[in-house]
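Notes follow the structure.
The values are calculated or read from the model by the stated rules, or taken from the named source; none is laboratory data. Treat the numbers as computed from the prediction; the structure is a model and nothing was measured. A quick note on method: Cβ atoms are made from the backbone with ideal geometry, for glycine too, and the neighbour counts reach across all protein chains shown.
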Amino acid sequence: MPLLTRCFLKTAILYFVASSCLGGYLLIAVGLQHTTPPVLQPVYWHMLLVGWLMQLIFGVAYWMFPPFAKGQPHRYPALAWFAYAALNVGLLLRVVVEPWHVMRPQPGLGWLLVCSAVLQVAAGWMFLITIWTRIRGRGR
């Protein structure tokens, strides 16, 4: 199993644990009729879907898709690592900045959310390019 796959999977597990803890906190707060900042709900869903599910899919896809060539199993490994880094930096930026921006708005914080979104979208495209080289076929 490639190192990048292990990193994606281990990071996915960390996000699953973190999002489960946050989700548990939100459920307990509802049960005890405590108010929670409404911004925690989208943060929870983003951690669960992007942090856990998307990284789990990326890791398994990187591992399972057939190699491009026998001597060169991953055509663009640097691009795949950059996708991993961009996805996680973008996600962590969102997890930190979104509640901060909603609860204590300051000039410039909105741009950090834009950077977060750009990093996450770029990570998706970079991963798509990496995987595309592995599924396009030998004759092309």
Only one of (1) in contact with a helix residue (DSSP H, G or I) (Cβ under 6 Å, 6 or more places away or on another chain); (2) at pLDDT below 95; (3) not aliphatic (A, V, I, L, M) is not met by P67, so which one is it? (1)
Only one of R94, R75 is of a type in the set (K, R), surrounded by 14 or more Cβ atoms within 10 Å (Cβ to Cβ) and at pLDDT below 90. Can you tell me which? R75
Among the numbered conditions (1) of a type in the set (S, T, Y); (2) more than 30 Å from T133 (Cα to Cα); (3) part of a helix (DSSP H, G or I), tell me where T36 comes up short. (3)
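Can you tell me which residues in region 104-120 are without any contact (Cβ under 8 Å) to a residue 12 or more places away in the chain and of a type in the set (A, V, I, L, M, F, W, C)? Don't jump to the end; show me each part of the working.
Step one: list which residues in region 104-120 are without any contact (Cβ under 8 Å) to a residue 12 or more places away in the chain, which gives 104-108, 110-111, 114.
Within region 104-120, W111, V114 meet the criteria.
Taking the criterion of being outside any helix (DSSP H, G or I) and not hydroxyl-bearing (S, T, Y), would at least one residue in region 91-104 satisfy it? Outline the logic, then answer.
Step one: filter region 91-104 for residues outside any helix (DSSP H, G or I), giving 104.
So of that shortlist, the ones also not hydroxyl-bearing (S, T, Y) come out as 104.
Checked against the condition, which is being outside any helix (DSSP H, G or I) and not hydroxyl-bearing (S, T, Y), region 91-104 yields at least one hit.
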Among residues belonging to region 79-103 that are β-branched (V, I, T) and touching a residue at least 40 places away in the same chain (Cβ under 8 Å), point out the one that is nearest to A18 (Cα to Cα). V95
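Out of L27, L49, L56, L14, which single residue is within 20 Å of I129 (Cα to Cα) and either in a helix (DSSP H, G or I) or hydrophobic (A, V, I, L, M, F, W, C) (or both)?
L56
Applying the selection to region 2-37, what residues are more than 23 Å from W81 (Cβ to Cβ) and in contact (Cβ under 8 Å) with a residue 60 or more places away in the chain? Can you show your working first?
Applying the first criterion (more than 23 Å from W81 (Cβ to Cβ)) to region 2-37 yields 17, 19-37.
Passing the criteria: only P37.
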Filtering region 11-40 down to residues that are within 22 Å of L119 (Cβ to Cβ) and either at pLDDT below 90 or in contact with a Lys or Arg (Cβ under 9 Å, 6 or more places away or on another chain) (or both), which residue is surrounded by the fewest Cβ atoms within 10 Å (Cβ to Cβ)? V39
